[in-house]
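Worksheet: the structure to be examined is printed underneath.
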Amino acid sequence: GARAAAAPRGGKRVRALVLVLLVLQTTVITLLARESRIPVAGRPMYLGAAAVLVSECIKLPVCLAVISRQLGGPRQMLADVRQRVVVGWRDTLAMGLPALLFGLQNMLFFVSVSNLSATSYQLWSQSKTLTTALFYVLYLGGALRRLQWLSLSLLCAGVGLVQASDSVSAAAGAASAGRPLLGISAVLASSLLSGFANIYLEKKMKASEASLWVRNVQLAVFGIPQALFVLFGLERAALAASGPFVGFTPTVWSVVWLRALGGLLVAAVIKYADNIVKTYATAVAIVLTCVVSSVLDGSRPTRAFLQGMSLVLASVLLYNRKPKPSPPPLDDGEAAARRQAGRL
């Protein structure tokens, strides 16, 4: 009895820990990434492509270490990775498309946070709910409930108000505003890529026994060469002038590690929590980002911004709300008894 009672308490503690870590990771990485992309006189700006490459190189050994721990040692890990990644090359090849999309999404992340405030980025990034729903219907043939369609309408209205607020900030010449239209375009493109990649990956994971960690290794097979190509191909001039790690301050290294280890939290959510926990973590992170940003900047959000944030929060909570279970059908005896009771 004591052990049975302790198990649920332990499960609740793990869920609470996952929720807290997810809120902190989502909030801190957005604030730090935004801070790292603000130009400072005398300090060279780091290359976003270099940050993406380092992040990919960190994720691979972490995933291999987790697989090794799960299977009982490095030898078992190498045998499993060889079987699933090399021998099962067709399955690995199918990961090339999402790897390409995730790589582009990572590049667009730095464009977004360079041109939007931390809170605006958080709110605009919720558009991935809309794109994921779109591909869920078109690619997987799924169906959305009426409440979910309502929540998507609220999301569109909310980000519209946020855009109006950002446009006002840009017109006023706010230093932190950047180029909002470029930032918005980048985050919308990122959401579109993320929506399809997540649905594609979900379909592949349901059709295979490969773990999330093996899938990440397969993604790294394509992700690392892609990041190398972008860095040494498209950023060749900057690389030759200053090297790959120019501008890598402690803040930048923190962003790189937080993005790399974010996959661990995704796995923890899948194993210990659910979409409801992720939804509330997202909502809390948006509010926390807004509060911290206001304190650090010494500015107050506009009424349109707060109204837009409220609509986005409502849409996030409504979209993942579970429908009430339908009551079980009555048998003939119960139906007759209720009809008889209604006549009395």
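The values are calculated or read from the model by the stated rules, or taken from the named source; none is laboratory data. Every value quoted in this text rests on a predicted model; they were computed, and no experiment measured them. Using ideal geometry, Cβ is built from the backbone for each residue, glycine included, and neighbour counts are taken over all protein chains shown. Ligands, DNA and RNA are excluded from the accessible area calculation, which covers all protein heavy atoms including side chains. Shrake-Rupley method; radii C 1.70, N 1.55, O 1.52, S 1.80 Å.
Have a look at Q148, Q105, V137 and report the one farthest towards the positive end of the charge dipole of the range 1-149, computed about the Cα centre with Cβ charges (Lys/Arg +1, Asp/Glu -1).
Sorting the options by dipole projection puts first Q148.
Quick one: grab the alpha carbon gyration tensor of the range 187-303, order the square roots of its eigenvalues as a ≥ b ≥ c, and give me rounded if a/c is under 1.5, else prolate or oblate depending on whether a/b is larger than b/c.
It is oblate, given that a/c is not under 1.5 and a/b is not larger than b/c.
How big is the Kirkwood radius of the range 1-116, worked out from every pair of different alpha carbons and given in Å to one decimal?
18.2 Å
What do you reckon, how do C57, C63 stack up by accessible area (1.4 Å probe), largest on top?
Final ranking, largest accessible area leading: C57, C63.
Round to a whole number: what % of the accessible area of the range 1-114 belongs to carbon and sulfur, probe 1.4 Å?
67 percent
With every protein chain left in place, what is the accessible area of L152 in Å² (1.4 Å probe, nearest 10)?
The value for L152 is about 10 Å².
Rounded, prolate or oblate, given the Cα gyration tensor of the range 16-58, with a/c below 1.5 counting as rounded?
oblate
Ordering V81, V86, V214, V14 by how much accessible area each has at a 1.4 Å probe, largest first, what is the list?
Working: V81 25, V86 90, V214 5, V14 50 Å².
Putting V81, V86, V214, V14 in descending order of accessible area: V86, V14, V81, V214.
Between V87 and R321, how many nm apart are label points set 7 Å from Cα along the C-beta direction?
Rounded to a tenth, the inter-label distance reads 5.0 nm.
For Y272, Y139, what's the largest-to-smallest order of accessible area, 1.4 Å probe?
These residues rank, largest area first, as Y272, Y139.
When Lys and Arg each count +1 and Asp and Glu each count -1, what net charge do the other residues less than 13 Å away from T249, Cβ to Cβ, add up to?
+1
Output the Cα-based Rg and Dmax of the range 97-137 in Å, rounding Rg to one decimal and Dmax to a whole number.
Rg and Dmax of the range 97-137, Cα atoms, are 11.6, 32 Å.
Taking Cα pairs under 8 Å and at least six residues apart, what relative contact order does the range 1-160 come out at, in percent? Write down the numbers at each step before the final one.
Numbers: 51 pairs, mean separation 39.9, N = 160.
Computed over the range 1-160, the figure is 25 percent.
Could you work out how much longer the chain between A65 and T302 gets when fully extended? Use 0.36 nm per residue separation minus the Cα distance between them, nm to one decimal.
Difference between extended and current length: 80.6 nm.
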